[in-house]
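These notes are about the structure you will find just below.
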Amino acid sequence: DFYKKEIIMWSWELLTEVWKLDKERLWVTVYKNDDEAEQLWQEYTDVSHDRILKFGNKDNFWEMGETGPCGPCSEIHFYIGDDLSKQVSTGVNRESEYRELWNLVFIEFNRKSNGQLEELPMKHVDTGAGLERLVATLNKTDDHYKTDLFLSIVKEIEKISGKNYSFQNGMPHRVISDHLR
């Protein structure tokens, strides 16, 4: 019983009012043909209009597979770089200094086996907010495994294995931590 307008408003409210993320670090992307989502971001949030960017199928159209439910999406990105003046729109979806926090998928279509999109009689939202990405952002760290979500596990792995997190670039520690949590 909610759709684009509500999820856009609620996601922005949660990120900026509840969690108090710096609006000057947030960027929003919308699907290239989704003028409705772009207008909703402009009308119902205070995101700077020059921080609402349009992307194509690769970045802003969600599909589960070759057929089935799908639709345009809107993503919220956070600039994790040190110097706010170095933010550029061309970095979003391209550079590691822009962390995707949340994906708002607007399930509008069913893709048939011939590739044709048919409009669904009921539209809905599927959101994907990465817990680890959000915790890393709130903890102001660039490594998901150095957050309070994982740090105690990593420390115990170091203790048991005798290997520091830097061993093999932390890969064994991340794999074990991810499975243990």
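Data table
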item	result
Some residue of region 140-147 being in contact with a Lys or Arg (Cβ under 9 Å, 6 or more places away or on another chain) and either modelled with pLDDT of 90 or more or on the phi > 0 side of the Ramachandran plot (or both)	no
Number of the condition not met by CYS73 [criteria: (1) closer than 17 Å to PHE109 by Cα; (2) open to solvent by 30 Å² or more (accessible area, probe 1.4 Å); (3) at pLDDT 95 or above]	(2)
Options GLU13, GLU36; residue that is part of a helix (DSSP H, G or I) and within 18 Å of THR137 (Cα to Cα)	GLU13
Selection count where residues are of a type in the set (Phe, Trp, Tyr) and either out of contact with any helix residue (DSSP H, G or I) (no Cβ under 9 Å at 6 or more places or on another chain) or touching a residue at least 24 places away in the same chain (Cβ under 8 Å) (or both), scope region 154-181	0
Test set (1) under 17 Å from LYS58 (Cα atoms); (2) within 21 Å of the chain's Cα centre (by Cα); (3) of a type outside the set (S, T, N, Q) - PHE109 fails condition number	(2)
Lone qualifier among LEU131, LEU84, LEU101 - being surrounded by fewer than 15 Cβ atoms within 10 Å (Cβ to Cβ) and in contact (Cβ under 8 Å) with a residue 40 or more places away in the chain	LEU84
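Matching residues to (1) among the small types (Gly, Ala, Ser); (2) out of contact with any Lys or Arg (no Cβ under 8 Å at 6 or more places or on another chain); (3) surrounded by 13 or more Cβ atoms within 10 Å (Cβ to Cβ):
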residue	(1), (2), (3)
GLU13	no, yes, yes
TRP19	no, yes, no
ASP22	no, yes, no
LEU26	no, no, yes
THR29	no, no, yes
GLN39	no, yes, yes
ASP46	no, no, no
ASP50	no, yes, no
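The values are calculated or read from the model by the stated rules, or taken from the named source; none is laboratory data. Since the structure is predicted, the reported quantities are computational estimates derived from the model, not experimental observations. Reconstructed Cβ throughout: ideal geometry from the backbone, glycine too, with neighbour counts over all protein chains shown. Ligands, DNA and RNA are stripped out before the accessible areas are found, and what is left, the full protein with its side chains, is counted by its heavy atoms. Shrake-Rupley method; radii C 1.70, N 1.55, O 1.52, S 1.80 Å.
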